[in-house]
Amino acid sequence: MKPRDLPHLAAPVLQFARWALQFASRVLQFGRRALRVAGRVGRHRWTRRAGVAAKVGLVSVVGAMIGVMLFAQADINVGPFGAEMSVTPSVDGGTEVNIPPLGSLHLDTHRGPLHLKVALGSLDQSRTEALIDNPSAISSAGDRAVDEVVVGVSRLGLRTLGVAVLSALIFAALIFRSVRRTAAAGVTALVVTAGSFGVAAATLRPDAISEPRYEGLLVNAPAVVGDARRIADNYGRYAEQLQAILGNVSRVYSTISALPVYEPAGNTTRLLHVSDLHLNPASFGLIRTVVETFEIDAVIDTGDIVDWGSSAEVGYVASIPSVQVPYIYVRGNHDSVAIQAAVDAQRNAVVLDDGLTTVDGLTIAGIGDPQFTPDKSETNAAGDESGPELLAAAGVRLAGTIRESGKKVDIALVHDPGMAQPLSGVVPLVLSGHRHQREVSLLPAPQALSTSALPSPASSSRSASLRPADGQPLMTTRLMIEGSTGGAGLRGLEGEDPTPLSLSVLYFDENNELKAYDDIQLGGTGQSNVEMQRNVVGVGDEEIPVPTPSASR
């Protein structure tokens, strides 16, 4: 660059510098104006009042919460028990009933910012002896228990309201030292607390007592939750359910040497649904415990009993006779035909592969998974094909077998949920597994499917036969997908948290109708927590679209 070129370059630089200085000056002027406006707004009386109101509201709510958490408690007598009821702030609401040492029941009784907790404490000796000597006293105790609980909740509500207002007044007085602001804090606490109770009352679900979630020891679950048949028939009557739970817990507490477990109705049939054991050595021990505790009539296994389908895994199925009840099995995509043959060789096993069987009056149909994905060294009758079409074709085949049998089939068994849709309207209940996650849904009616969704032209005529002449579905079909009773085997340890062990107890009445089911879940390998959720058919059901065929696991 030559010296004579410098003046030409300096001119644009100087012009840009002048523009930058002008822009900075305007920004500073705008900032000064904004500060003046903010100062005037801050000095405005309504701004100051809004700030004071926010402070009063915050102090009121904090004071009320502290008082409720510390002092919102009431002691009541429920039947033979002394119980402590308390209210705590919460996001989800609900009710928790602690029954030491058996565990706890969690009920979705209401929504809102208040959580009710009931802790059953000591037994009154005289009242307990009266129940033992006079069994009819349990019924009268249950009748009185409804009134006792209502009185206790009312008394707790008034106590909570008073404690919240008083705590807010004290807290505000210490902070503001102003009578006016303290009084405003008390009124705010009164409105907020009363509104919280109003939300709880508006969202009250009395029938939630028929669907408790149990947490505690597995062997105590049936005694605490109660008889599924009785709960299923009477779920709408709150007083009778409270009486049933009171009676069950009273009997448990009054017996020391032998805790009473399930006393089912004589016409109740109970099936245990397991799936995806995946060679877990703990699975059969768990199955035996549930079979004995819940007095199971038969076990249903919807496949993937092993991991690779290899001949080396054949010995695992030798534990099937130890459950000592019929063991009904369909092949999964991890189970080879060699594994299926090994299961079929067990004395109490029934293998269904496009066939039917009957257990305690229940007619059950099933078909094996047409896919075999893990170990290709083993023979696979279905070949190496895979995909949704293959799964749907297997479902169509089973539906045709059911219709041709001329029998009323109560349950259909498949492994992959992708095989379930052709069974819609053919059977009332389809059990499956494969996904390692518990799901319950209603299958879409057959007429909701277009002919283009059929698996193949060759099977279209058979699929069309699944519709009645008037085009309406034969029945509503429920699909129940079980989690993994083996915790997904070694795969269950791949994630941060082990996959839980899942299995379900199904209760059928004398008409072979599903009345209720208990979902049991144990913490994965290395964990020991247990949860049991009671579900009554007809309570809170909603239709959910059928799952699409899932990826191999």
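Nothing in this text is a laboratory measurement; each read-out follows from the coordinates by a stated rule. Predicted, not measured: the structure shown is a model, and the values here were computed from it. Every residue, glycine as well, gets a Cβ built from its backbone with ideal geometry; the counts of neighbours run over all protein chains shown.
Here are some notes:
- Subtracting the Cα-Cα distance of Leu279 and His106 from their residue separation scaled by 0.36 nm leaves 59.0 nm.
- Annotation: for a label point projected 7 angstrom from Cα along Cα→Cβ of Ala338, residues of the stretch 355-374 with backbone N closer than 16 Å are 372-374.
- For the stretch 273-322, a simple Cβ point-charge model (Lys and Arg +1, Asp and Glu -1, everything else neutral) yields a dipole of about 120 debye relative to the Cα centre.
- Gyration tensor verdict on the stretch 273-353 (Cα atoms; rounded if a/c is under 1.5, prolate if a/b is larger than b/c, oblate otherwise): prolate
- Cα-based shape type of the stretch 48-101, given that a ≥ b ≥ c are square roots of the gyration tensor eigenvalues and the cut on a/c is 1.5: prolate
- Dipole of the stretch 384-448, positive direction: furthest Cα of Leu429, Gly395, Met419, with charges on the beta-carbon: Leu429
- With a simple spin-label model that places each label point 7 Å from the Cα along the Cα-to-Cβ direction, the separation between Val199 and Asp360 comes to 4.4 nm.
- 10 Å binning of all Cα-Cα separations within the stretch 310-372, expressed as whole percents from 0 upward: 22, 52, 24, 2
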